[in-house]
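Q: One structure coming up, written as structure tokens, with questions to follow.
Each reported figure results from applying straightforward, stated rules to the coordinates on display, with no laboratory input. These numbers were taken from a predicted model, which means no experiment stands behind them. Cβ coordinates were reconstructed from backbone atoms using ideal geometry, including for glycine residues, and neighbour counts include every protein chain displayed.
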Amino acid sequence: MQTKIVSLDRLDIDEEILNQAVSIIRSGGLVAFPTETVYGLGANGLDEEAIKKIYIAKDRPEDNPLILHVSSKEEVAALVDEIPEVAKLCMDKFWPGPLTIIFKRSSLVPDIITGGLDSVAIRMPDNEIALKLIEKAKTPIAAPSANTSGSPSPTKALHVNEDLNGKIDMIIDGGTTEVGLESTILDLSGDLPTILRPGGITMEQLSELIPNVIMDVTDISEFETPKSPGQKYRHYAPNADLIVFEGEVGKISKAINKKTIEFIEDGRKVGIMATEETKEEYPDGYVIVVGSRDKRETIASNLFTAIRFFDEAKVNIILAEGIEMDNIGTAIMNRLLKAASGKTIKV
Ligand code: TXA
Ligand code: MG
């Protein structure tokens, strides 16, 4: 299949190009499009055959459910059993935005979307191209991140092209996504409001609205682990091994330098994921500055690109600085630790 690549300016959308994307979605094809978090791989969310193509293109395990993307809050009612009060509060405060809410599903939602669960994940993305595409397609759009399963989520059209060229109908290049990490997933389908994946909307922000919200990230990794043995893979995974260093910043850079020398003596090519504040401290290794500790949004925004850069540089091992685990730091460390398969060194 030939993948058509088009560009759209989110502030001045060319209707003719957008219409091409709309007709691909309407006729059961796949379009990768930008959101404010990462690029999504979209299909008509009510068309089982179209949705099956997503799983094939991504090589995604079939029991891993998809998020339905809507262009207005009004579209939610038909897709869910009921909208709890607390969900209304969250939608009013955080939509459009990087918050996915899990509801009890209605019968309109195809089984293939939910992986057999009785719940459905819905979000309204904060990106004009995404919103217009959904609105004009007149259907919710099912969209996982537009990467091959297991590799880092795409924050640029270029990343989508690396993973999915020849496997999907169209890529809309709408520039680099701002948040850079996937949405927060908040489960409001059970008794206790539960964050299943930390993301752009933080636990701290949600706690202000929902005092009894809890975080349980084990659930989601169950979904993300393929059930069939031997098929286990890492998430957000670079080709190289990755180790996260946790502790005081000063101690982290010393420990990374020590390990760098050891690995280099071992004949390995070492990548170091550093921050603005620490970049001068690494005399050896291939150093990438991922962002600033003073403005951790920049780290979130660049994290997946940095991981892809290390792969391009063909390093064999990546030593990454851990960061403080609060606010957006929680989501950054969640992705880093997954990319590292939990391999950490505490200093
Ligand atoms: O920011 C995002 O959320 C991006 C953009 C494209 O919107 N999408 C995204 O989708 O990250 P995906 O498929 O890569 O991750 C969705 C996660 C999966 O881990 C899936 O298991 C979980 O959401 N999920 C979907 N439906 C669920 C449900 N009903 N119950 C529990 N988890 C669910
Ligand atoms: Mg994903």
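Q: Once every DSSP H run of n ≥ 4 in the chain is given -39500 (n - 2.57) and the sum is divided by its residues, what mean residue ellipticity at 222 nm do you get, rounded to the nearest 500 deg cm²/dmol?
A: Numbers: 11 runs with 115 residues, N = 347.
Theoretical 222 nm ellipticity from helices: -10000 deg cm²/dmol.
Q: Can you give the FRET efficiency for Asp92 and Asn316, using 1/(1 + (r/R0)^6), R0 = 45 Å, r = Cβ-Cβ distance, to the nearest 0.05? Please list the in-between numbers first.
A: On the way: r = 49 Å, r/R0 = 1.08.
Between Asp92 and Asn316 the formula returns 0.40.
Q: Under 8 Å for C-alpha pairs, at least 6 residues apart: give me the relative contact order for the chain, rounded to a whole percent.
A: Working: 770 pairs, mean separation 65.9, N = 347.
It comes to 19 percent, rounded to a whole number.
Q: As I understand it, the value is the acute angle between the Cα axis of helix 296-312 and the longest principal axis of the Cα atoms of the chain; what does it come to in degrees, rounded to 10?
A: 80
Q: Give me the angle, in degrees from 0 to 90, between the Cα long axis of helix 48-58 and the longest principal axis of the Cα atoms of the chain, rounded to the nearest 10.
A: Once rounded, one gets 10 degrees.
Q: Helix 128-137 sits at what angle to the longest principal axis of the chain, using alpha carbons and giving 0 to 90 degrees rounded to 10?
A: The answer is roughly 30 degrees.
Q: Here's a follow-up. What is the local net charge at Leu158, summed over the other residues whose Cβ is closer than 15 Å to its Cβ (Lys, Arg +1; Asp, Glu -1)?
A: The answer is -3.
Q: When we measure straight from the Cα of Lys138, which lysines land under 16 angstrom away, once same-chain ones fewer than 8 places off are left out?
A: Lys73
Q: Would you please put 107-118, 150-161, 324-335 in order of how densely packed they are, using the mean number of other Cβ atoms within 10 angstrom per residue and starting with the highest? Could the numbers behind the result be given before it?
A: Details: 107-118: 15.3, 150-161: 22.7, 324-335: 19.6.
Output ranking for 107-118, 150-161, 324-335: 150-161, 324-335, 107-118.
Q: Still on this structure, please answer the following. If amide hydrogens are placed 1.01 Å from N in the peptide plane, which non-local residues have theirs closer than 5 Å to the one on Asp173?
A: Distant-sequence amide H within range of Asp173: Val6, Ser7, Leu8.
Q: Calculate the FRET efficiency for Glu208 and Glu280 from the Cβ-Cβ distance with a Förster distance of 41 Å, rounded to the nearest 0.05. Before the final figure, lay out the partial values.
A: Values: r = 38 Å, r/R0 = 0.92.
So, using R0 = 41 Å, E works out to roughly 0.60.
Q: Cα-based Rg of the chain per 2.2 N^0.38 Å, rounded to two decimals? Could you put the intermediate results ahead of the total?
A: On the way: Rg = 20.1 Å, N = 347, 2.2 N^0.38 = 20.3 Å.
Against the compact-globule rule of thumb, the ratio is 0.99.
Q: Separate question: Once a ≥ b ≥ c are taken as the square roots of the eigenvalues of the Cα gyration tensor of the stretch 138-203, is the result rounded (a/c under 1.5), prolate (a/b larger than b/c) or oblate (a/b not larger than b/c)?
A: Values: a/c = 2.31, a/b = 1.87, b/c = 1.23.
Since a/c reaches 1.5 and a/b is larger than b/c, the shape of the stretch 138-203 is classed as prolate.
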